[in-house]
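The structure under discussion appears below in the form of structure tokens.
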Amino acid sequence: MVIRRNHYDAAFEAYLRAQKIPYVAVDEKRRALAKDASIKSLDFIVYASQGPNLLIDVKGRTEISPNQNQSRRWENWATLEDIQGLQQWQELFGNDFVSGFVFAYQLPENSISNSLEKLFEFRGNLYAFYLVKIDEYRRKMKLRSESWQTVFLHQQDFQELRKPVDAIIQA
């Protein structure tokens, strides 16, 4: 187990352990080198019981508002460097692996999502984990900020593409 200061990464790792899903936690202190280029680190290599294994970058987010009508309820932005890194890892690992983001949402206690989502409790907080495969994310992503080099998915696209992590890993 890698010592994790980021509670989203720690919560996801605790989830994997609780579900007895085999994984490797990647030490993010150093960037990997491949073909004389630096690649942004991923967070986990997860071995699925069926289907491709997963190369995961965890993106921690907090639900913005428990109000169902608010259009930006589920933040899902990433950097272009995140996208490029996951694609490079997917190419390096080959056909038996798929890269993706796990969006780890810390949900407030009074969230309407608490009755709708499959939740995991960690250190007194509730989390929901969703996977979006990198190839699907890239096809639908939109520029969020040119200066920050960030991208995002429209809420409708995100709702369509996201899959509960347990449905993917334990399918």
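Where a number appears in this text, it was derived from the coordinates with a stated rule and is not lab data. Please read these numbers as outputs of a predicted model, since none were measured by experiment. For neighbour counting, all protein chains shown are included, and Cβ atoms are generated from backbone atoms with ideal geometry for every residue, glycine included.
Close amide H contacts of Asp43 (hydrogens built in the peptide plane, cut-off under 5 Å, sequence separation of 5 or more or a different chain): Ile56, Asp57, Val58. For region 82-171, the equivalent ellipsoid derived from the alpha-carbon gyration tensor has semi-axes of 25, 18, 12 Å in decreasing order.
A Cα-only calculation for region 123-171 places Rg and Dmax at 13.3, 39 Å. Packing-based ranking of 55-63, 14-22 yields 55-63, 14-22, ordered from highest to lowest mean Cβ neighbour count within 10 Å. Going Cα to Cα from Lys40, which lysines come in below 23 Å? Please leave out same-chain ones fewer than 8 positions away. Partners within reach: Lys29, Lys59, Lys133, Lys140, Lys142.
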